[in-house]
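Have a look at the structure below, then the notes.
The values are calculated or read from the model by the stated rules, or taken from the named source; none is laboratory data. These figures come from a predicted structure and were not determined experimentally. For neighbour counting, all protein chains shown are included, and Cβ atoms are generated from backbone atoms with ideal geometry for every residue, glycine included. Each accessible area value is taken on the protein alone, full model and side chains, heavy atoms only, with ligands, DNA and RNA left out. Shrake-Rupley method; radii C 1.70, N 1.55, O 1.52, S 1.80 Å.
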Amino acid sequence: MQNKSNTTGVGNAIDRVEGHLKVRGKAKYASEFTVAKKVYAQGINSTIAKGEIVSIDASEAEKLPGVLKVITFKNAEKLKTHDKEMAPIDTTSIAPVLQSNKVHYYGEYVGVVVAETFEQAQYAARLIKFNYKEDKKPTINLDKSRGKAYKPTEKSDYARGNIKTGLAEADEVVEVTYNTPIEHHHPMELHAVIASWDNGKVMAYSSQQIVEDAAISISDTFQIPKKDVRVVAAFVGGGFGSKLNVERHVILAIMAAKMVGKPVQMTVTRPQMFTNTGLRQHNEQKMRVGAKKDGTLTALSHETLSHTSPTLEYQEPCGMVTKMLYKVPNNLVTHRLIPMNIQTPFAMRAPGEATGSFALECAMDEMAWKLKMDPIDFRIKNDTQTDLSENRPFSSRLLVECLRIGAEKFGWKDRKMQPRVHKNGNWLIGYGVSGASRQSPYQKSHAKVILALDGDKVNATIQMDATDIGTGSYTIVAQTASEYLGIPVAQVTVELGDSNFPVTPGSGGSWGAASYCNGARAACENAIKTLKGNRNIKEEEEVGVADLLKQNQLKTFEAEGSAEPSAAFKAHSVFSFGANFCEVWVDKDTAMYRIKRMVNVGAAGKILNPKTAYGQIIGGLTMGAGMALAEQTRIEPNFGNFITRSFADYHVPVNLDMANIAVVFLPEEDKIANKMGVKGIGELGITSVAASIANAIFNATGKRLRDLPITPEKLIEAPIEPGINV
Ligand code: MOS
């Protein structure tokens, strides 16, 4: 039942229902829960990148008042460990820690101190002396370690046609290499946990994107039944991938709580978030593009080299966008990894698409320039409605429409093909474009609805283990209940982020909104259906939910529901698409530059709430601008520690960088994707930005910057491409 006159249901730009809790400080994040008798843990990080701990002297720390326990590999609980070297890491992986004296990377946890106060724990941690046998030659340089590259366990190589034939058939070939640096997630809310044990059962208030997977990971690591683990993440202050899985501090806190017999709070400090909560690895992406004079692609190849830690394998699938985005008969995608003495990388902000689209969409621009073809026309010429890598149609694909409508709104017709001719005083002005795509992996999702009659009204509560990582999950789930129960949002309460609630896939990979809302929809539909069925009311007959409860002589009623991908979903490739347009102004002498404006167009199915969706895209665009302008984690070349250890050194865009942005959603309902027609939007924004900025910089200056971030010092040094007038 959908109520067209409902002003708070799906599609309405309502304010966030959780907004007032946030602005009043009433929304509880992991470390804000009141837990009686809690004590504090502070992690200790290794100060070498590779070697062994030879001895530990904790005597000074142990003498301090308030110190309850010092835990190192010597007295740590034995946990389940990986049964093979280079185990692939995922969101349910076990997370052993302090299990040996070996050090694999700078900053690895080597111990933890538990004390009565946070200050005591911090101070004590500094007094513990670790003596190491250091291997002075850690593997920390990608370029110098090429010989160690291997093919990862996860099958990610792909080929169709023959790349050599495709390149031989081409009239023009572009062969270039792009580099994206190590980046860190850095959500506002630090990783934090409060862990306690009660009769062999674990309770963890933990900042997690997926509470179900966190519970699985904890139960596997400690070898206790999953039903004895409860994880609560009521509000999460951003994750960006770093909270998809259980990080080691969670395991340390649970272990410590068991050893001291008290609840333990552990917060990862901002500097520790560089070494202990995942990162995006350095990716070196070699691109080869072949095309005919008329712009027909004949070959596309994308070979990625990156790194993982010495013990765990994570591979960012940079090439996956290249195998599906354009119509090209000859295609090659490979990924290779080098084990390096740097912490295990993990999924970050559109893993694969963000970095892969940068390389692909810049290489497409380089080819368009070679062909002297408009880069939009070049993309449109090679559009495909079939995902050639899977041999199946896209459920819906409005990439061409995004490019055309964006071009119109942006004023693309004023773009000069030739760089360095569009000027304003000392400024060189450039326009750039990039296509965007992001898989929309809708997953099985359960929900419970509890209805309660209150006079003539019905109040509804929705429970599911979904998380709100700042995205507005509470709001869109409330709108879904409003829509399918036919009651205003004001009568809906949403309870999320508790592993005791019905299971959802959590927040990640742009699957949250579609999965959660369809789960909530199913629960509401089941409730109505049962209440009607009990009274022999026809399904299509319109009866308000309050009347249904009355006719059933019920004061309260509960129903559950679940939604999952259909056969049609599985027979299609389901992606969201978009395009980003960017105007940059570059100072001719200093190479200082400004993003003057951006127009972003997205086609992501039904937009549940234009306000929260807008927020998602603005966030993505800001992160994409971060990739292009500023973000990079620098590594000390001899010792392998990070030089960037705070926001003073790790730069992110500020409001001035993001001044003038228009966000457009194309009207779309993708009923193959799911019943509500919703596709993912969380990561779509980021995927197109860096390339559009780099392409605009080329259009302004005639300089190709292939290594992110594009800093003024790199830009001023870069050569103008041959054949362009200064
Ligand atoms: Mo996302 S990188 O799946 O949180």
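The figures follow:
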quantity: Of all residues making up the range 298-319, the number that are within 24 Å of Asp83 (Cβ to Cβ) and either under 17 Å from the mean Cα position of the chain (by Cα) or without any contact (Cβ under 8 Å) to a residue 40 or more places away in the chain (or both); calculated: 2
quantity: Spans of helices (runs of 4 or more DSSP H) in the range 304-404 with at least 1 residues surrounded by 20 or more Cβ atoms within 10 Å (Cβ to Cβ), of a type in the set (Gly, Ala, Ser) and away from the ligand (no atom under 16 Å from the Cβ); calculated: 353-371
quantity: In the range 438-466, the residues that are among the hydroxyl-bearing types (Ser, Thr, Tyr) and either open to solvent by 40 Å² or more (accessible area, probe 1.4 Å) or not in a strand (DSSP E or B) (or both); calculated: Ser440, Tyr442
quantity: The range 663-688, subset hydrophobic (A, V, I, L, M, F, W, C) and open to solvent by 40 Å² or more (accessible area, probe 1.4 Å), residue nearest to the chain's Cα centre (by Cα); calculated: Phe665
quantity: Complete set of residues in the range 617-631 that are hydrophobic (A, V, I, L, M, F, W, C) and in a loop (DSSP other than H, G, I, E, B); calculated: Ala630
quantity: Total residues in the range 467-497, condition of a type in the set (S, T, N, Q), outside any helix (DSSP H, G or I) and open to solvent by 20 Å² or more (accessible area, probe 1.4 Å); calculated: 2
quantity: Residue list for the range 157-175, filter: of a type in the set (A, V, I, L, M, F, W, C) and buried (at least 16 other Cβ atoms within 10 Å of the Cβ); calculated: Ile163, Leu167, Ala170, Val173, Val174
quantity: Meets criteria (more than 16 Å from the ligand (Cβ to nearest atom), assigned to a helix (DSSP H, G or I) and surrounded by 24 or more Cβ atoms within 10 Å (Cβ to Cβ)) for Ile716; calculated: no
quantity: Residue list for the range 405-437, restricted to those being out of contact with any Phe, Trp or Tyr (no Cβ under 9 Å at 6 or more places or on another chain), of a type in the set (A, V, I, L, M, F, W, C) and assigned to a loop (DSSP other than H, G, I, E, B); calculated: Val421
quantity: Every pair of residues 6+ apart whose Cβ atoms lie under 6 Å, when the first sits in the range 73-95 and is within 14 Å of Ser309 (Cβ to Cβ) while the second is surrounded by fewer than 17 Cβ atoms within 10 Å (Cβ to Cβ); calculated: Pro88/Thr153; Pro88/Glu154
quantity: Of all residues making up the range 143-156, the number that are open to solvent by less than 60 Å² (accessible area, probe 1.4 Å) and modelled with pLDDT of 95 or more; calculated: 3
quantity: Every residue from the range 92-116 that is touching a Leu at 6+ places or on another chain (Cβ under 9 Å) and part of a strand (DSSP E or B); calculated: Tyr109, Val110, Gly111, Val112, Val113, Val114, Ala115
quantity: Output for the range 22-65, where each listed residue is at positive phi and surrounded by fewer than 16 Cβ atoms within 10 Å (Cβ to Cβ); calculated: Gly25, Lys37
quantity: For Leu79: the one exception among (1) buried (at least 21 other Cβ atoms within 10 Å of the Cβ); (2) part of a loop (DSSP other than H, G, I, E, B); (3) among the aliphatic types (A, V, I, L, M); calculated: (1)
quantity: Pairs where the first residue, in the range 37-65, is more than 22 Å from Phe118 (Cα to Cα) and the second is of a type in the set (Lys, Arg), C-beta under 6 Å, 6+ apart; calculated: Gly51/Lys133; Glu52/Lys102; Glu52/Lys133; Val54/Lys133
quantity: The range 186-206 - residue that is more than 16 Å from the ligand (Cβ to nearest atom) and at positive phi and, of those, most open to solvent (accessible area, probe 1.4 Å); calculated: Asn199
quantity: Any chance Met266 is under 26 Å from the mean Cα position of the chain (by Cα) and either open to solvent by less than 10 Å² (accessible area, probe 1.4 Å) or at positive phi (or both); calculated: yes
quantity: Count of residues meeting criterion [under 24 Å from the mean Cα position of the chain (by Cα) and either exposed (fewer than 15 other Cβ atoms within 10 Å of the Cβ) or not aliphatic (A, V, I, L, M) (or both)] in the range 83-104; calculated: 6
quantity: Candidate set: the range 632-668, residues that are in contact with a strand residue (DSSP E or B) (Cβ under 6 Å, 6 or more places away or on another chain) and assigned to a loop (DSSP other than H, G, I, E, B); chosen: the one farthest from the ligand (Cβ to nearest atom); calculated: Asn660
quantity: Given (1) in a strand (DSSP E or B); (2) open to solvent by 40 Å² or more (accessible area, probe 1.4 Å); (3) within 30 Å of Cys524 (Cβ to Cβ), number of the condition Tyr614 does not satisfy; calculated: (1)
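Condition check ((1) over 28 Å from Ala568 (Cβ atoms); (2) of a type in the set (Lys, Arg)) across all residues:
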| residue | (1), (2) |
| --- | --- |
| Ile672 | no, no |
| Met676 | no, no |
| Lys679 | no, yes |
| Glu683 | no, no |
| Ile693 | yes, no |
| Ala696 | yes, no |
| Thr701 | yes, no |
